[in-house]
1. Which residue is most open to solvent (accessible area, probe 1.4 Å), if the candidates are limited to the stretch 288-297 and must be within 17 Å of LEU90 (Cα to Cα) and touching a residue at least 40 places away in the same chain (Cβ under 8 Å)?
2. State whether one or more residues within the stretch 98-108 are surrounded by fewer than 17 Cβ atoms within 10 Å (Cβ to Cβ) and away from the ligand (no atom under 12 Å from the Cβ).
3. For the list (1) surrounded by fewer than 14 Cβ atoms within 10 Å (Cβ to Cβ); (2) more than 23 Å from the chain's Cα centre (by Cα), I need the number of the one condition that TYR18 fails.
4. Pairs only if they're at least six apart or on different chains, beta carbon under 8 angstrom, first in the stretch 204-220 and within 13 Å of ASN109 (Cα to Cα), second hydroxyl-bearing (Ser, Thr, Tyr) and more than 10 Å from the ligand (Cβ to nearest atom); list them, first residue then second.
5. Restricting the search to the stretch 76-95, which residues are farther than 14 Å from GLY277 by Cα and touching a residue at least 12 places away in the same chain (Cβ under 8 Å)?
6. Those residues that are assigned to a helix (DSSP H, G or I), among the hydrophobic types (A, V, I, L, M, F, W, C) and farther than 27 Å from ASP216 by Cβ, I need them from the stretch 1-60; list them, please.
7. Restricting to the stretch 209-220, give me the number of residues that are more than 9 Å from the ligand (Cβ to nearest atom) and either surrounded by 24 or more Cβ atoms within 10 Å (Cβ to Cβ) or more than 17 Å from LYS118 (Cβ to Cβ) (or both).
8. Could you pull out the residue among ALA246, ALA255, ALA285 that is buried (at least 24 other Cβ atoms within 10 Å of the Cβ), in contact with a strand residue (DSSP E or B) (Cβ under 7 Å, 6 or more places away or on another chain), in a helix (DSSP H, G or I) and modelled with pLDDT of 95 or more?
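The values are calculated or read from the model by the stated rules, or taken from the named source; none is laboratory data. Remember, predicted model here, so these are calculated numbers, not experimental data. Quick reminder, even Gly has a Cβ in these numbers, built from the backbone with ideal geometry, and neighbours come from all protein chains shown. The area values use the complete protein model at the heavy-atom level, side chains included, leaving out ligands, DNA and RNA. Shrake-Rupley method; radii C 1.70, N 1.55, O 1.52, S 1.80 Å.
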Amino acid sequence: MTLSELQELERASVISSYARFPVEFVRGAGARLWDSEGNEYLDFLCGISVTNIGHCHPRVVEAVREQAARLMHASNLFYTEPAMRLAKRLSDCSLGGKVYFANSGAEANEAALKLARKAKQAGDFVVVHGAFHGRTYGALSATPQESKQAPFAPLVPGFRVVAPEPQALYEAVDERTAAVVLEPIQGESGVNVLSEEALQAARAACDEHGAALIFDEIQCGMGRTGTLWAYEQTEVVPDAITLAKALGGGLPIGALVTGERLADVFAPGDHGSTFAGGPVVAAAALAALQLTDDPQLLARVREQGLRLAAGLQSLPHVLSVRGRGLMLACELDVPAPEVVRCALLQQRLVVNATGPTTVRLLPPLTIGQAEIDDALRRLGVALGSVSAP
Ligand code: PLP
């Protein structure tokens, strides 16, 4: 089928909720993607921080192939080994508590909200400006963005929105608060790193009032910032983290991972999902986690992140660069959507715009120096070909 035939099918048959670029990808390997016309692209977006260990990593492919041929689904009425092993591994490499599996980031956050509310036996949530936690009703209610929320009002009540600042966070929490939910590094709003002081204030307030501190590490976790979890680069340990995106090595799986305090809040019947933690996605996630939880790889992420950030800083039209590890964004003095389009269609470099002047880069954690230099060259050309508004 040609691209224009696909576009015709979309117009006729697909509910319009995405604005797609006119590219059909048909194959991926490592940091490369190929379109249906045979063009090769450098992928510095990773499907929005999903293919962190590269496209079609052979160990993930093998785990999926092996498990798919053995058993694809049995339901959570029964045991399957990959889910139990994955839960143990996730707990061991993070907060030491227990794991609830979901199918996506939004669902992992839904589970976290329910768990926190049950733990406090009532209570409200504190979230921060610029947050993105997903599109389902609970997660959307925790996502204070007018354009995403307004068409779907009324939202779930009980979400208080404050600035991601120490004093505001500290003062927002009281006896009625079930949880503070935040991304230690906000992804969708353009890679905004919350300050250490803000995280510490949230921790102190939660401790004082018996509320849960939940970090959404759906985008910034799984090695993206140069440690397995972003919270490891802070002094703050949350009571739970939510995960998805890169956890499945390219397949859809989400997880809520608790520390000990929240490990036994849910009882059978409190929450559930038909597909969650299925054997194929759990096998893929086990392989992905094993590959990512590697001190050498994580050190390289920190190193290459510095190299990429320095290179970005020296490009034309880049005013500033922010982020951590290989989760970076640059602020431009030209329109970011045009730069992204030109990078994709003319330079064959995949990045995305998170705002009118913000380009986000989320390359594979396995990216090499030559690929970084190549991406910088391509982005430089794209930047140079877009004129100031
Ligand atoms: N939380 C964060 C920080 C995200 O970046 C996203 C997706 O971009 C989500 C939650 C929602 O995840 P999903 O799209 O898998 O529902």
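1. GLN290
2. no
3. Single failed check for TYR18: (2).
4. Partner pairs satisfying both residue conditions: PHE215/TYR231; GLU217/TYR231.
5. Matches in the stretch 76-95: SER91, CYS93, SER94, LEU95.
6. Scanning the stretch 1-60 gives LEU3, LEU6, LEU9, ALA12.
7. 5
8. Answer to the selection: ALA285.
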